[in-house]
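Notes follow once the structure below has been shown.
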Amino acid sequence: MTNEITEKLKQASDSLLMMSESEYPFEVFLWSNQAQEPMTAQKLLQLTGHSPETSVEEVELDYLFRNCAEEKEWHDEIQKQNVQKYHSLVKTLKDNLIDIHVYRIGTISIDVYIVGKTPDKDLAGISTKVVET
């Protein structure tokens, strides 16, 4: 079951880039048997190898994609297609993962993790990076 979910996430995020001052691809991750206890910022820092003092901010999934998943009047065809791909990515996340949390780790060069539970009690999701100066 979990492998199916990570495959769907790979397909949905393939060739998409997270827009910020730089553009970064998405990477799918899977943390087996990690969904027994609730997800916390501390647990995430541990799982991702960040120092426990690193700043972590939690945001809503829709807030994270607010600039990518909304069609604007001035968009060209490629941008419109990307909006559809982002919509599809968000839908894939919501359809396949339970209890989704979005974490932003660090400042300026920020690691972003979209983490949810799978029915098999694993944690899975996608990560990317945003640059905000």
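The values are calculated or read from the model by the stated rules, or taken from the named source; none is laboratory data. All of these numbers come straight from a predicted model, not from anything done at the bench. Methodologically, a virtual Cβ is constructed for each residue, glycine included, from the backbone with ideal geometry; neighbour enumeration extends over all protein chains shown.
For segment 72-92, the condition of being within 16 Å of L9 (Cβ to Cβ), in contact with a helix residue (DSSP H, G or I) (Cβ under 8 Å, 6 or more places away or on another chain) and assigned to a loop (DSSP other than H, G, I, E, B) holds for none of the residues.
Would you check which residues across segment 114-127 are of a type outside the set (A, V, I, L, M), within 19 Å of Y86 (Cα to Cα) and surrounded by 21 or more Cβ atoms within 10 Å (Cβ to Cβ) and list them?
Pass one, segment 114-127, residues of a type outside the set (A, V, I, L, M): 116-122, 125, 127.
Keeping just the survivors that are within 19 Å of Y86 (Cα to Cα) gives 116, 125, 127.
Of everything in segment 114-127, those that are of a type outside the set (A, V, I, L, M), within 19 Å of Y86 (Cα to Cα) and surrounded by 21 or more Cβ atoms within 10 Å (Cβ to Cβ) turn out to be G116, G125.
Restricting E77, E70, E53 to those that are surrounded by 11 or more Cβ atoms within 10 Å (Cβ to Cβ) and more than 24 Å from S32 (Cα to Cα) reduces the list to E70.
When we screen D99, D111 for residues that are modelled with pLDDT of 90 or more, touching a strand residue (DSSP E or B) at 6+ places or on another chain (Cβ under 6 Å) and on the phi > 0 side of the Ramachandran plot, the only hit is D99. Specify which of the listed residues (L89, L64) is crowded, with 16+ Cβ neighbours inside 10 Å and under 20 Å from E4 (Cα atoms). So the residue among L89, L64 that is crowded, with 16+ Cβ neighbours inside 10 Å and under 20 Å from E4 (Cα atoms) is L89.
Checked against the criterion of being assigned to a loop (DSSP other than H, G, I, E, B) and under 14 Å from I126 (Cα atoms), the candidates S15, S51 yield just one match: S15.
A count restricted to segment 22-37 and to residues that are free of Cβ contacts under 8 Å to residues at least 12 places away in the same chain and either closer than 15 Å to I114 by Cα or not in a loop (DSSP other than H, G, I, E, B) (or both) stands at 1.
Just wondering, is there one or more residues in segment 65-82 that are within 19 Å of S127 (Cβ to Cβ), in contact with a strand residue (DSSP E or B) (Cβ under 7 Å, 6 or more places away or on another chain), at pLDDT 90 or above and of a type outside the set (V, I, T)? There is no residue in segment 65-82 that is within 19 Å of S127 (Cβ to Cβ), in contact with a strand residue (DSSP E or B) (Cβ under 7 Å, 6 or more places away or on another chain), at pLDDT 90 or above and of a type outside the set (V, I, T). For segment 5-29, a tally of residues being surrounded by fewer than 17 Cβ atoms within 10 Å (Cβ to Cβ) and modelled with pLDDT under 95 returns 7. Number of residues in segment 93-115 that are in a helix (DSSP H, G or I) and touching a residue at least 40 places away in the same chain (Cβ under 8 Å) equals 2.
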